[in-house]
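Here is the structure we will look at, set down as structure tokens.
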Amino acid sequence: MRRRKRGLHFGREKKKVNIPLIKEIITWMAEILITLVIAFVLVFYIGMRTSVVGESMEPTLGNNQEILINRFIYSITNPKPNDVVVFLPNGNEKSHYYVKRVIGVPGDTVQIKDGVVYVNGEVFDEAVETAAILDAELAAEEIVLGEDEYFVLGDNRNDSEDSRYANIGNVKKEYIIGKAWFIWSPKEDFGFLE
């Protein structure tokens, strides 16, 4: 009988590496990473959520409704007339988000006469039915929008703090967070914003 020698033994067999198992683990890790990246992009760029404050967007949006904001869309395109945008007034990060409808885009001339909104001398083609405006404020005179400015109004025209007032004024694109695109709650209003 041979006795086993103590100490190092270089003749031992090396453990075999299970290649199929390693490939499967790498595949799982890649799939998990891809899923996390997709989830981050959806939440950060498309699924940011905020609440509507006040009745300024009625009947389109009501007080305390929660909406999802598409933050990605305006990095590839610009806001268009009738888009419902979410912005910080004058870039004030301590303020709540404002939700309003775009009326005028850069280069447009906006004026409110006799309760009616005019853009470039023509009656604005409203996406929703609105009441006649009782107080034109700054827009009683023509407002010419700069190259990076947007004129916004609430759909509830006589109960909205918007571009007609000096504390809001024209909204710069850099202050626009994104486009409101989906109503998250309450559940009875759940669905895409028209």
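The numbers here are math on the coordinates, done by the rules we state, and not lab data. In this text the structure is predicted, and so the values were computed from the model without any measurement. Cβ placement follows ideal geometry from the backbone for every residue including glycine, while neighbour counts extend to all protein chains displayed.
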### Message
Run the count for the chain, please: Lys pairs, Cα-Cα under 13 angstrom, 8 or more apart or on different chains.
### Response
4
### Task
Mind checking which of Val37, Ile22, Gly154 is farthest towards the positive end of the chain's charge dipole, using Cβ charges of +1 (Lys, Arg) and -1 (Asp, Glu) about the Cα centre?
Ile22
### Summary
The relative contact order of segment 22-160, taking Cα pairs under 8 Å that sit 6 or more residues apart, comes to a percentage of 22 percent
### Query
Tell me, what ³J(HN,Hα) does each residue in segment 111-125 have, in order and in whole Hz, if you take phi through Karplus 6.51 cos²θ - 1.76 cosθ + 1.60 with θ = phi - 60° and put x for Gly and Pro?
8, 10, 10, 6, x, 10, 8, 10, 10, 6, x, 10, 4, 5, 7
### Query
In segment 47-192, with Lys and Arg counted as +1 and Asp and Glu as -1 at Cβ, which of these residues, Ala140, Asn78, Val119, has the Cα nearest the positive end of the dipole, that is, farthest along it?
Asn78
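How big is the dipole moment of the chain about its Cα centre under a simple scheme where the beta carbon of each Lys and Arg is +1, that of each Asp and Glu is -1, and everything else is neutral? Debye, nearest 20, please.
Computed charge dipole of the chain: roughly 3840 debye.
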## Note on the structure
The value for segment 47-192 (convex hull of the alpha-carbon atoms, volume per residue, Å³) is 102 Å³
### Nearest 10 degrees, 0 to 90: helix 19-41 Cα axis against the chain principal axis
10 degrees
### Message
Tell me the Rg and the Dmax, in Å, that the Cα atoms of segment 111-194 produce.
### Response
14.4, 42
#### Entry: Karplus 3J(HN,Hα) series, Hz, for segment 87-97 with 6.51 cos²θ - 1.76 cosθ + 1.60 (x for Gly, Pro)
8, 9, x, 6, x, 5, 6, 8, 8, 6, 6
